[in-house]
Structures are given as structure tokens and as C-alpha cells.
Amino acid sequence: MPAITNHLPTSELQALDAAHHMHPFTAQGELAQKGARVITRANGVWLYDSDGNEILDAMAGLWCVNIGYGRGELADVAARQMRELPYYNTFFQTTHVPAIALAQKLAELAPGDLNHVFFASSGSEANDTNLRMVRTYWAMKGKPSKQIIISRKNAYHGSPVGPSPSLIHGTSQRCQYA
């Protein structure tokens, strides 16, 4: 498989991006005028843009690349898994070997009797699931009305607009998307 390369000038990439890509939490019109920074590659903790600038990725790709970019051993393992079973959910009373193995390893590393794991794909999904679990727990304990959720002011809990308004203190996280 050939590598994805930057074969267009930055201005053309920015124009294509503005014409077809909606960015989260972004005023799209303003970004179209300014032009998005085009990231073309990464290695370790460094990002490189289409103009050749080296940028420290102190946010770890929005908190999901915390072991760095360009890890060949991880690419090899991921490629092997993608060929064998790239994905399957664990709804409908199913599981798969990677989920079993990772759950076992996490339980082994967790302190005390924390020995069960629930996998989620995002902070929003994880928090929504936590709310469901806590409400189910209290309903099973005979206290279904126990539903107050406490959060820090301005805490970040993912970006749903509807499913968990209690986690954002009833305030709106609006952005102008025009």
C-alpha cells in the first residue's frame, strides 16, 4: 500500500478542506478564510505541517496518541489484527479474543478488586455508559430517584449536545458553525 503523501500546495489542500470538511467546534467560515493547518506526518512527539514546520504535539493528538507517533511495532500488531478481525462489537452477548485479553490484562494491573472492564470508543460514550450503570445500580438498590450527578465547573466530559446535559451544568456548549 503506498504512503499517503502531500502532493498539492498548502493553499490547494486548504481550499479542498474548506470545500468539503466540517471541523468540530469551529467557525467554518472563519477557518475557510484563514485556512486550516495541514498536518502531513508525525514522528514521536512531533507533527509536521505541509509547509515543513515541526510542531510539538503536547496534546497527544487530542489525548489519544500518548505513546507517540510512528511506533513500528504497534503498526505491525495493528496490521496483523486488521487482517484477522478488524472490529466486532460486544453487544448481543458476543466477545472476541482481543477484548478478552485486554480486559484480563487491565484487571491484572488494576488495584484491589477492580476486575471488570467496559470498553468505549469516546469520552461521550464512556460517560453515557457510566450514567446508565450508576442509575441501574441505584435502581437495583431500591433507590431509583438517586440521580444527581456532580461535576466540576467547566469540566470536559466529551462533546454530546443532548445525551448528557447534566454533565455540563445545563449550559450550552455552542459554537457558530457558519
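The values are calculated or read from the model by the stated rules, or taken from the named source; none is laboratory data. Just so you know, these numbers come straight off a predicted model, no measurement behind them. Note that we place each Cβ from the backbone using ideal geometry, even for glycine, and neighbour counts take in every protein chain shown.
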| task | State all residues of segment 131-155 that are among the charged types (D, E, K, R) and assigned to a loop (DSSP other than H, G, I, E, B); if no residue qualifies, say none. | result | Lys141, Lys143, Lys146, Arg152, Lys153
| note | Counting only residues that are loosely packed, with under 13 Cβ neighbours inside 10 Å and either under 23 Å from the mean Cα position of the chain (by Cα) or closer than 19 Å to Leu47 by Cα (or both), segment 24-37 contains a total of 2
| request: Go over the candidates Glu73, Glu84 one by one and state the one that is farther than 21 Å from Val45 by Cβ and out of contact with any Leu (no Cβ under 6 Å at 6 or more places or on another chain). | output: Glu84
| message | Any residue in segment 51-70 that is in the same structural domain as Arg37 (by TED's automatic domain parsing) sitting within a Cβ distance under 7 Å of a residue that is part of a helix (DSSP H, G or I)? List the pairs, counting only those 6 or more apart or interchain. | response | Asp51/Thr10; Asn66/Ala60
| request: For segment 104-113, indicate whether the set of residues that are basic (Lys, Arg) and more than 30 Å from His7 (Cα to Cα) is non-empty. | output: yes
| within 24 Å of Ser121 (Cβ to Cβ), at pLDDT 95 or above and out of contact with any His (no Cβ under 6 Å at 6 or more places or on another chain): does that describe Leu47? | yes
| task | Give segment 50-99 a look and list any residue that's assigned to a loop (DSSP other than H, G, I, E, B), acidic (Asp, Glu) and modelled with pLDDT of 95 or more, or say none. | result | Asp57
